[in-house]
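*Asks:* Dropping a structure here in structure tokens format, bear with me for questions.
The values are calculated or read from the model by the stated rules, or taken from the named source; none is laboratory data. Please read all numbers here as calculations on a predicted model, not as lab measurements. Methodologically, a virtual Cβ is constructed for each residue, glycine included, from the backbone with ideal geometry; neighbour enumeration extends over all protein chains shown.
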Amino acid sequence: MKQSLSLSMLAAAALLSAPLAAQQNPPVSGKGHVPLNPFTGTQSVSDLVAPDSATLIAGTLTSPTGWLNLSNTSITLEEAMTDPTILTMGYANFQDGYIVEVTFASGVTNGPGDDLSMVDAQYDFGEYLISTDFDGFAAQLPVNTTGGTLIGSGDYYFEPNVGSTFFANIVERRFDLTDLGVPAGATVNSIRFEAEGSAADPMALAKINRDFSLSLGTLVGGQTGTVSLSNCTPNGLISMSYSLRGSNQTVINGGPCGSITVDLSAPVRLLVNDFADASGNYSFSATVSSAIVGRTIWIQGLDVGTCAISNVASTVVL
Ligand SMILES: [Ca+2]
Ligand SMILES: [Ca+2]
Ligand SMILES: [Ca+2]
């Protein structure tokens, strides 16, 4: 008697939950409202690199699954997963068993510590199974975003209800290729994530960048501008140079590195020589000359410890 009562209550609850879930997507999907644990901290996404491609290989994207975007514009799953900001675009309400394969043209090498990050919108806790092309996607690593790290938040537009926005915290969970059986130093190119349950709202499966790299903010004449380097030799000497002419190769005097070829058109000018911090980061801020408003500037960094050169960043000075 007691058992049949419980079963009928469950049946009633199931009937109730279907229309509620449909109305409240994306905030509620599958497991319903779950009180979110305190996040383990906040972290910048500046070291996360979005994949170069993303393909749905199992599942069907039908409403209430739908895109999430900070602007009220339709996006594809491919765009949502490969968007370089990581946080601007995602997809809501992946159902159990949906699988996305992402690729990184330059590969993901199993380096020291974590190599990849699963990024999920916290309307609810996403759980994923990760696999790689190293073993034909045989080994699967469960990655649960419960207790992940907060990396952003926003009011997202949502495909089935484009007129209104839904707030979400964005959380990442980092993991190590070693836990997928990939040997240290080995490189994989394709990684799959499979949604477990129906709380998955993936924003990206991103690579943790360990390359010496340069990032450049907006530059406005007469105002302070900032250019930053990451993954430098800790406490090591760095330099940054610039050109107002273009990004053709030029050989310059790299000090202790001797003659080096940079991707800056002559004349190449020195911006700064300085030391990175103990974490291998460096940031340079200065007032941007009003004399170069309307000009394009190209900037590149040199890590004197390794003689590595960074990417070139360019922007038009406003
Ligand atoms: Ca994204
Ligand atoms: Ca690793
Ligand atoms: Ca989620």
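*Asks:* Somewhere in region 177-185, is a residue out of contact with any strand residue (DSSP E or B) (no Cβ under 6 Å at 6 or more places or on another chain), closer than 27 Å to N311 by Cβ and of a type in the set (S, T, Y)?
*Replies:* no
*Asks:* Pick out the one residue from G280, G294 that is part of a loop (DSSP other than H, G, I, E, B) and surrounded by 15 or more Cβ atoms within 10 Å (Cβ to Cβ).
*Replies:* Values: G294 fails: surrounded by 15 or more Cβ atoms within 10 Å (Cβ to Cβ).
When all the criteria are applied, what remains is G280.
*Asks:* Is there a residue in region 240-249 that is touching a helix residue (DSSP H, G or I) at 6+ places or on another chain (Cβ under 8 Å), in contact (Cβ under 8 Å) with a residue 12 or more places away in the chain and under 18 Å from T218 (Cα atoms)? I'd like the intermediate steps shown before the answer.
*Replies:* First, the residues of region 240-249 that are touching a helix residue (DSSP H, G or I) at 6+ places or on another chain (Cβ under 8 Å): 244.
Within this subset, residues satisfying the condition of being in contact (Cβ under 8 Å) with a residue 12 or more places away in the chain are 244.
After this cut, where a residue has to be under 18 Å from T218 (Cα atoms) as well, the list is 244.
Checked against the condition, which is being touching a helix residue (DSSP H, G or I) at 6+ places or on another chain (Cβ under 8 Å), in contact (Cβ under 8 Å) with a residue 12 or more places away in the chain and under 18 Å from T218 (Cα atoms), region 240-249 yields at least one hit.
*Asks:* Restricting attention to region 215-254, report how many residues are more than 31 Å from the chain's Cα centre (by Cα), surrounded by fewer than 14 Cβ atoms within 10 Å (Cβ to Cβ) and of a type outside the set (S, T, N, Q). Step through it out loud before you land on a result.
*Replies:* Looking only at region 215-254, we keep the residues that are more than 31 Å from the chain's Cα centre (by Cα), and these are 222, 245, 250-254.
Remaining after also requiring surrounded by fewer than 14 Cβ atoms within 10 Å (Cβ to Cβ): 222, 251, 253.
Now restrict to residues that are of a type outside the set (S, T, N, Q): 222, 251.
Adding up the residues that qualify gives 2.
*Asks:* Now for a different question. Of all residues in region 51-64, how many are touching a residue at least 60 places away in the same chain (Cβ under 8 Å) and more than 18 Å from the chain's Cα centre (by Cα)?
*Replies:* Selection size over region 51-64: 5.
*Asks:* From the list A80, A105, which one is touching a strand residue (DSSP E or B) at 6+ places or on another chain (Cβ under 8 Å), in a helix (DSSP H, G or I) and in contact (Cβ under 8 Å) with a residue 60 or more places away in the chain? Outline the logic, then answer.
*Replies:* Values: A105 fails: in a helix (DSSP H, G or I).
It is A80.
*Asks:* Can you find, within region 147-205, the residue that is farthest from T60 (Cα to Cα) among those that are hydroxyl-bearing (S, T, Y) and within 15 Å of ligand 1 (Cβ to nearest atom)? Steps first, answer last, please.
*Replies:* If we filter region 147-205 for residues that are hydroxyl-bearing (S, T, Y), which is where we start, we get 149, 153, 156-157, 164-165, 178, 187, 190, 198.
Cutting the leftovers down to within 15 Å of ligand 1 (Cβ to nearest atom) gives us 153, 156-157.
Numbers: S153: 27, Y156: 22, Y157: 20 Å.
So, considering only residues that are hydroxyl-bearing (S, T, Y) and within 15 Å of ligand 1 (Cβ to nearest atom), the one farthest from T60 (Cα to Cα) is S153.
*Asks:* Turning to a different aspect of this structure: Restricting the search to region 47-102, which residues are among the acidic types (D, E) and either touching a Pro at 6+ places or on another chain (Cβ under 7 Å) or within 16 Å of ligand 2 (Cβ to nearest atom) (or both)? Show your work before the answer.
*Replies:* Initially, region 47-102 is screened for residues among the acidic types (D, E), giving 47, 52, 78-79, 83, 96, 101.
Within region 47-102, just D47 meets the criteria.
*Asks:* Further question: Within region 181-195, track down each residue that is closer than 26 Å to G126 by Cα and of a type in the set (S, T, Y). Steps first, please.
*Replies:* So the first thing to find is which residues in region 181-195 are closer than 26 Å to G126 by Cα, and the list is 181-182, 188-195.
Passing the criteria: only S190.
*Asks:* A further question follows. Quick one: would you say S285 is surrounded by fewer than 16 Cβ atoms within 10 Å (Cβ to Cβ), touching a strand residue (DSSP E or B) at 6+ places or on another chain (Cβ under 7 Å) and not in a strand (DSSP E or B)?
*Replies:* Here the answer is no, as S285 does not meet what is asked.
*Asks:* Just to check your reading of the model, which residue among T132, T82 is surrounded by 17 or more Cβ atoms within 10 Å (Cβ to Cβ), more than 15 Å from ligand 1 (Cβ to nearest atom), modelled with pLDDT of 95 or more and within 21 Å of R210 (Cα to Cα)? Full working, then the answer.
*Replies:* Values: T82 fails: more than 15 Å from ligand 1 (Cβ to nearest atom).
Just a single option satisfies the conditions, and that option is T132.
*Asks:* Still on this structure, I have one more. For region 128-203, list the strands (runs of 3 or more DSSP E) that sit wholly inside it and hold at least 1 residues that are within 13 Å of ligand 3 (Cβ to nearest atom) and farther than 15 Å from V100 by Cα; which are they?
*Replies:* On the way: elements: 141-144, 149-158, 165-175, 187-196.
Passing ranges, in order: 141-144, 149-158, 165-175.
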